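**Q** Starting off with a structure, shown below.
Read-outs: derived from the displayed coordinates by stated rules, not from any lab. Because the structure is a prediction, the values reported are computed rather than measured. All Cβ positions, glycine included, derive from the backbone under ideal geometry; neighbour counts span all protein chains shown.
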Amino acid sequence: MPGMRVDDAVTDVLGGEWVQRTLHLRPDSQGEAVATLVHRRDAAADRTRPAVLYVHGFVDYFFQTHVADALADRGHDLYALDLRDYGRSIRPGREPNHTRDLAGYAEEIDAAVRLVRAEHDRVVLLGHSTGGLIAALWAHHRRGRGLVDAVVLNSPWLAVRGTWVERAVLAPLLQHLVGRVAPRLVVSHLAEHYGRALHAEGGGEWAYDLAWKPHAGFPVRAGFVRAVRRGQAEVARGLDVDVPVLVLASDATGPDDRWHDNLLTTDSVLDVADMRRLAPRLGPDVTYEEVPGGAHDLALSPLPARTRYLDAVAAWLDRVPDRAGRRGDRPAG
């Protein structure tokens, strides 16, 4: 790829048929940076099979191989991007999971989309939580270029959750003052409850790497909050994503400050009312679907909500035409 070095594929930490390619990005404020593109070894075998490019959320990385399996059964190949300073892309000397500008992630999304587009005729961008906000902003700023055919957002972080004081006073203070003059100041940490409920050591279903997705997360710095708030302000003003968009969220919001019995059957990280309210501002063609009993990451919901989510995504992709007007449904295999 012109202007970027992309390493040859090597076996991924997921093992077996999974491989990764390291994308060497331009140096940023923290120095040398990389991103990582993950996919099954045979994903490019048939370019007529639509591809889905997944972008994770905050304190996250790609490990959800069951999503790839479900989409593969419906004729779609999954690729996943670990953004700079997340998961496989964490490097010594750099602050994990930190940025001062969400627009910086456009470089690796651009590169990943071009790599996937070189192997598939149809590409869909799928973002979760912070990755959903990043994906929506990327699609808005790349409109008119025909880079992707559709966008799917899994519980996107479109607004700050909290009381009126937290939303109207504290968040703007972090955005306009603290985040600008002291961007490295640690202002928060994630609550551990949701992560502990997900992970196998706490009785959950998932055995992901706690070095890359720790229960208490990584420090939340003022510069990161400012970057997110600026992105959310764009959403509030209205975006113009020019491809079909599917937004999915749980049907209920749960408490985010304590352990409770519905941690994994409600969104106990974000407020689903914000997603429902702001989804129409993403573009002219937006579909909103509730997933009853869904967790914040709908792909990690307990059954049957997980199946409802995966079926809804696959069914919508089958209905949505690509840039040439062809529908997404094609024979699996």
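**Q** Taking a ≥ b ≥ c as the square roots of the Cα gyration tensor eigenvalues, with a/c under 1.5 meaning rounded and otherwise prolate when a/b beats b/c, else oblate, which class fits the stretch 188-333? Kindly include the intermediate steps, with their values, before the conclusion.
**A** Numbers: a/c = 1.97, a/b = 1.31, b/c = 1.50.
Cα axes put the stretch 188-333 in the oblate bin.
**Q** Something else about it: Among D257, D46, which comes first, second and so on when ranked by fewest other beta-carbon atoms within 10 Å?
**A** D257, D46
**Q** Counting only residues 5 or more places away or on other chains, whose amide H sits under 5 Å from the amide H of V247 once H atoms are built in the peptide plane?
**A** Answer set, sorted by chain and number: L153, T287, Y288, E289.
**Q** I've got another one for you. Neighbour counts of other C-beta atoms within 10 Å: give me W212, W259, W157 arranged from fewest to most.
**A** Numbers: W212 22, W259 14, W157 27.
Ranked by crowding around the Cβ, least crowded first: W259, W212, W157.
**Q** In whole Hz, what ³J(HN,Hα) sequence does the stretch 94-105 give by Karplus (6.51, -1.76, 1.60; θ = phi - 60°), x for Gly and Pro?
**A** So the J values, rounded to whole Hz, are 10, 6, x, 6, 10, 8, 10, 7, 4, 5, x, 6.
**Q** Compute from the Cα atoms of the stretch 98-151 the Rg and the Dmax, the latter being the longest Cα-Cα distance, and quote both in angstrom.
**A** Over the stretch 98-151's Cα set, Rg and Dmax evaluate to 10.9, 34 Å.
**Q** Describe numerically, in nm with one decimal, the distance between label points set 7 Å from Cα along Cα→Cβ at V10 and at R114.
**A** Inter-label distance under the simple model: 2.3 nm.
**Q** What distance in nm separates the two pseudo spin-label positions at D251 and A182, each 7 Å out from Cα along the beta-carbon direction?
**A** So the two model labels end up 4.5 nm from each other.
**Q** Quick one: net charge around Y54, please, counting Lys, Arg +1 and Asp, Glu -1 for every other residue with C-beta under 12 Å from its C-beta. Provide the component values of the computation, followed by the final result.
**A** Numbers: positive: none; negative: D60, D77, D82, D297.
Counting the neighbours of Y54, the net charge comes to -4.
**Q** According to the square roots a ≥ b ≥ c of the eigenvalues of the Cα gyration tensor, what is the shape class of the stretch 5-319, taking rounded for a/c under 1.5, prolate for a/b larger than b/c otherwise, and oblate for the remainder?
**A** Details: a/c = 1.27, a/b = 1.17, b/c = 1.09.
In terms of gyration-tensor shape, rounded.
**Q** Considering only the chain, what is the antiparallel percent among its DSSP beta bridges, to the nearest 5? Write out the running numbers ahead of the final one.
**A** Working: 20 of 47 bridges.
Here the antiparallel bridges make up roughly 45 percent for the chain.
**Q** Run the numbers on the chain and let me know its relative contact order in percent, using alpha-carbon pairs under 8 Å that are six or more apart.
**A** Values: 711 pairs, mean separation 53.0, N = 333.
Relative contact order comes out at 16 percent.
**Q** Near the amide H of G254, under 5 Å away, which other amide H atoms are found, from residues 5 or more places off or on another chain, if H is placed in the peptide plane?
**A** D267, S268, V269
**Q** Something else: Once every DSSP H run of n ≥ 4 in the chain is given -39500 (n - 2.57) and the sum is divided by its residues, what mean residue ellipticity at 222 nm do you get, rounded to the nearest 500 deg cm²/dmol? Show your work: numbers first, answer last.
**A** Numbers: 7 runs with 77 residues, N = 333.
Result for the chain: -7000 deg cm²/dmol, rounded to the nearest 500.
**Q** Taking the Cβ of Y194 as the center, what net charge do the other residues with Cβ under 10 Å away carry, scoring Lys and Arg +1 and Asp and Glu -1? Intermediate values should be presented prior to the final figure.
**A** Values: positive: R196; negative: E192, D256, D267, D297.
Residues near Y194 contribute -3 overall.
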